[in-house]
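Peer 1: Quick one: the structure is below, questions incoming.
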C-alpha cells in the first residue's frame, strides 16, 4: 500500500511539472482515429519500429566497425561476421531492416496516394512524409558505403559523379563532397559521420514533425469521409461505441498496430535467419578496388526506379530527369486538382492513373537491375517517358474529375 501511495506521489509531482496526464490525453487516449480504416494504416508504426531496430543493431555494429579504407571491409566481413559473438545476427538484422524499411515506405506512400491522404488540409502530412523518404534514402546510401566492398565503392563513384552536373562540369564540387579526387579515406569518414550521427538526428526530428502533423487534421480513412471528430468522440465517451465513428488511439487502435507489427516481425526474422542474402549484394563481398570496374554498376533495389530514369537519356537530360523524379512525388498535393477526398476506385480516371504509376515504377525497378542493352534499354526508355507523361496528365485528368 505504501508503495502505491509513493508511486502516486511521484506521478503527481511529475504531472505538475511536465503534464503527463495532458500529454497522455493529447497523444493517446483522446487522440481519435476513424473506425473505417484497415491494417495498411499501421505501416507508420511498423516503420517507426523498424527504424528503432535499425538504430539498436547499428549501435552494436558500431562497436566493432572500423571506418578506415584499410580495415572497414575486414571489420564487417571478418571481425563482425566470424569473431564477434552473434555479430552475424546484428549484421543480418541491419541489412534486412534497411531493405524492408523501404518496402514499407513504398507501401505507405502508395496507400496514401490511393486513399487521397495528401489532400484537404493534409498537405504537410504528405510533405513531411516525403521528406522522411529523402532522409531515409540518404541514410541508406551513406550506409551502403561503409562495408567498403566493390559495389559500395563504385556506386559511390557513380552517384557522386552526378553532382558534376553534366555540361556544368562542376568537378570541383564532386571533389569537395569526396574530400579527394576519388572515393578514399576522407570520403569514407564523411559518410560514416553522416550515417551514424547527422542523418539519424534529422530522421528523428522529421519523424516527430510527421507525427505532429497527423494530430491536427487527423488521419484519413478508407472512404475519405469527413465528419465531426468532437461529436464522434463525445458519443464514444458516452458509451455509444457503435454509433461513434472513432476509436481512441490507445489502447484500441494501438492494439491493432501491435498485431500488425507482430505479423510483420515474423516475416522480418524469417528473412533474417533464412533469406538474408536478398539484402546483401554478392559483388559487395569483394574488397573495394578502384582499378577494377564491375561489369554492371547498380544501386540497391529501392533506388533502381530512379536510377533507371537517369540511364536512358544523354547526360544533361538524364540528370534533369533524375532530379525531377526525386521531388515530383512531393508536389502531388498541388498537382492533383480534384476536390474529392476519396479512394482511387471512386475517382474515375485517377484510378487508372494510380495503377499505371505503380506498375510503371515496378517496371523501372526491374529494368534498373538489368544491363542497359537490347530490349531492356528500349523498355527502360519508354518506362521513363511514361513516368513523366503520367505526371504531366495528372493535373488535367483530376481537373476534369466530377465532384462526388
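What follows draws every value from the coordinates through simple rules; no lab data is involved. Bear in mind that the values here come from a model prediction, so they are computed numbers and not experimental data. Cβ placement follows ideal geometry from the backbone for every residue including glycine, while neighbour counts extend to all protein chains displayed.
Peer 1: Angle, helix 254-274 long axis vs. longest principal axis of the chain, Cα atoms, 0 to 90°, nearest 10?
Peer 2: Orientation of helix 254-274: about 20 degrees from the principal axis.
Peer 1: A follow-up question, please. Spin-label point model (7 Å from Cα, Cβ direction): what's the residue 86 to residue 63 distance in nm?
Peer 2: According to this spin-label approximation, the distance is 1.0 nm.
Peer 1: Could you work out [θ]222 nm for the chain from helices alone, using -39500 (n - 2.57) per DSSP H run of at least four and dividing by all its residues? Round to the nearest 500 deg cm²/dmol.
Peer 2: On the way: 16 runs with 240 residues, N = 404.
That calculation yields -19500 deg cm²/dmol at 222 nm.
Peer 1: What is the extension gain from residue 182 to residue 396, computed as 0.36 nm multiplied by their sequence separation minus the C-alpha to C-alpha distance, in nm to one decimal?
Peer 2: Fully extending the segment from residue 182 to residue 396 adds 72.5 nm.
Peer 1: If I take every Cα pair under 8 Å that is 6 or more residues apart in region 33-294, average their sequence separation and divide by the length, what percent do I get for the relative contact order?
Peer 2: 34
Peer 1: Normalise the Cα radius of gyration of region 298-404 by 2.2 N^0.38 Å (N = residues in it) and let me know the number.
Peer 2: Here the answer is 1.15, to two decimals.
Peer 1: Within a 10 angstrom radius of the beta carbon, how do 50, 315 rank from fewest other beta carbons to most?
Peer 2: 315, 50
Peer 1: Between helix 123-145 and the chain, what is the angle of the helix's C-alpha long axis to the longest principal axis, kept within 0 to 90° and rounded to the nearest 10?
Peer 2: Computed tilt is about 40 degrees.
Peer 1: Working from Cα positions, state the angle (0 to 90°, nearest 10) between the long axis of helix 43-62 and the longest principal axis of the chain.
Peer 2: Roughly 50 degrees between the two axes.
Peer 1: Shifting gears a bit: Would you order 402, 369, 35, 119 from fewest to most other beta-carbon atoms within 10 Å of each residue's own beta-carbon?
Peer 2: Listed from fewest to most nearby Cβ atoms, that is 402, 369, 35, 119.
Peer 1: Ok, one more. Would you mind computing the Rg to Rh ratio of the chain from its alpha-carbon coordinates, Kirkwood style for Rh?
Peer 2: Taking Rg over the Kirkwood Rh, I get 1.01.
Peer 1: How would you rank 355, 90, going from fewest to most other Cβ atoms within 10 Å of each one's own Cβ? It would help to have the intermediate numbers written out before the result.
Peer 2: Numbers: 355 12, 90 22.
The fewest-first ordering by Cβ neighbours comes to 355, 90.
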